[in-house]
Amino acid sequence: MRYLTPICLCLALAACGGDFSNDDLEFQNAIPRREDLMAKVLGQEQAKTRALRVASKVHALRLGRLGEVSGIVGDTSETGRDFNDSVGNMLQAIENIRTQPATSRGPNRRVWGPFPGRNDMKFDTRFVMTREGGRFDYHLQLRDVGEGEGDWWSFLSGQFEATGGVRRGTGGLILDLKRSREEGYLGVDVIDRQEIHYQTQTFPTRVELVWTFADTTRPLPSRYVYREGEGGVAEMTFELAQTDFVLGGLKEDMALTTRWAPDGRGLGAVEILRGDIPGAKYTECWDAQGKVTFISRSWDIFNPTEGVRASCPDLSALDR
């Protein structure tokens, strides 16, 4: 979903490079970089698993079997790539700001633009940043070509508070797609709002993606959380709706939390929120090749565990 391509082209054409003062760099460093917010994705063996699952169009989590490739690994790998695509899509509109000096400067304000609409773009564009103490607020704004100062509206808004050094702190971005539809800029009718909230000050770092859908009855995931701890351990949490997780008359809504180590070993925990077995929990661990080494099922009183629990990797760096 490339919402921002027209704006990106406009800002790229306006980019001209130049020298930057230390004060300019403070403003620029308040804008998040992709590498600060991207999720680490499972390794090559797990990527093969994803390719097989996507090709077969399997959208339901499979219960694991000892010695077989974990279905949770494939879902997490796919989700990590989708997560990164969404983060990159939101950031692409403001990345060019780093390559050009501000058009106008004040003690606590920078403005890039306004850049007049070109070709079939019927909107002028500008990027505005303000600073108050250690907090920076910024807005990517549009207006119809030729309109006045009071007609600007914010397509993307963000904020960052520096608390841990260069590019370290807390921040967020909001993409207002509903307002965009109302203004006639983009006709995206599925999503009203897309948000990123992040904390990069201390481990474990945290990045959250949130969507507000125009149609609230659609069974689509609306929230993903990625965390990264010391030593490269990582965690992805999201919900899956209307999934055939176990045999029965109902489909399940469930929360999936996956943790993994840099070598690919990991642990997946599923909690059933609604469906045939609400409240049930399922856990599995896998080795560096993505093969299941341990299984736990809270609902199975006769065979609640299989495999060796000690095979699960130590991921306690994410417990904070």
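For Thr212, neighbours were defined as the other residues whose beta-carbon sits under 11 Å from its Cβ, and their charges (Lys and Arg +1, Asp and Glu -1) total -1.
Scalar couplings 3J(HN,Hα) for region 100-108, obtained by applying the Karplus form with A = 6.51, B = -1.76, C = 1.60 to θ = phi - 60°, are 9, x, 5, 6, 9, 10, x, x, 9 Hz; x denotes Gly and Pro.
Along region 89-98 the Karplus relation, 6.51 cos²θ - 1.76 cosθ + 1.60 evaluated at θ = phi - 60°, assigns HN-Hα couplings of 4, 6, 7, 4, 5, 10, 5, 5, 4, 5 Hz to successive residues, with x for each Gly and Pro.
Per residue, the solvent-accessible area of region 118-198 (1.4 Å probe, heavy atoms of protein chains only, all protein chains present) comes to 46 Å². Solvent exposure of Arg168, expressed as accessible area, is near 100 Å², computed with a probe of 1.4 Å over the protein chains only. Loop-resident GluC sites (Glu not before Pro) (DSSP state other than H, G, I, E or B) in region 129-238 with no more than 14 further Cβ atoms inside 10 Å of their Cβ: Glu147.
Between Ala241 and Thr202, the simple label model (points 7 Å from Cα in the Cβ direction) yields a spacing of 3.5 nm.
Which order do Leu25, Leu247 take by accessible area at a 1.4 Å probe, largest first? Kindly include the intermediate steps, with their values, before the conclusion.
Details: Leu25 70, Leu247 180 Å².
Heavy-atom accessible area, descending, gives Leu247, Leu25.
When the surface is traced with a 1.4 Å probe over the full set of protein chains, Cys312 keeps roughly 30 Å² accessible.
For region 216-308, just say rounded, prolate or oblate: build the C-alpha gyration tensor, square-root its eigenvalues into a ≥ b ≥ c, call rounded for a/c under 1.5, and beyond that prolate if a/b exceeds b/c, oblate if not. It is oblate, given that a/c is not under 1.5 and a/b is not larger than b/c. Taking the 1.4 Å solvent-accessible surface of region 176-320 as the whole, the part contributed by carbon and sulfur is 49%.
Keeping every protein chain present and rolling a 1.4 Å probe, give me the accessible area per residue for region 242-320 in Å². Don't skip to the end; give the middle numbers.
Details: 4010 Å² over 79 residues.
Normalised by residue count, the accessible surface of region 242-320 is 51 Å².
How charged is the neighbourhood of Gly134? Take every other residue with its Cβ under 14 Å from the Cβ of Gly134, and add Lys/Arg as +1 and Asp/Glu as -1. Within the 14 Å Cβ shell, the charges total -1. A probe of 1.4 angstrom, applied to the heavy atoms of all protein chains, finds Arg143 with accessible area near 30 square angstrom.
Close amide H partners of Phe115, meaning residues 5 or more places away or on another chain with modelled amide H under 5 Å apart, are Thr125, Arg126.
Counting residues in region 145-291 as N, plug N into 2.2 N^0.38 Å and put the Cα Rg over that result.
Values: Rg = 19.8 Å, N = 147, 2.2 N^0.38 = 14.7 Å.
In units of the 2.2 N^0.38 Å rule of thumb, it is 1.35.
Annotation: amide H-H contacts under 5 Å for Ala39 (H modelled 1.01 Å from N, sequence separation of 5 or more, or interchain): Asn84. Ranked by solvent-accessible area (1.4 Å probe, protein heavy atoms only, all chains present), the residues Arg131, Arg309, Arg223, Arg81 order from largest to smallest as Arg309, Arg223, Arg81, Arg131.
The values are calculated or read from the model by the stated rules, or taken from the named source; none is laboratory data. Quick caveat, the model's predicted, so the values are computed rather than measured. Note that we place each Cβ from the backbone using ideal geometry, even for glycine, and neighbour counts take in every protein chain shown. Please note that ligands, DNA and RNA were not included when accessible areas were found on the heavy atoms of the full protein model with its side chains. Shrake-Rupley method; radii C 1.70, N 1.55, O 1.52, S 1.80 Å.
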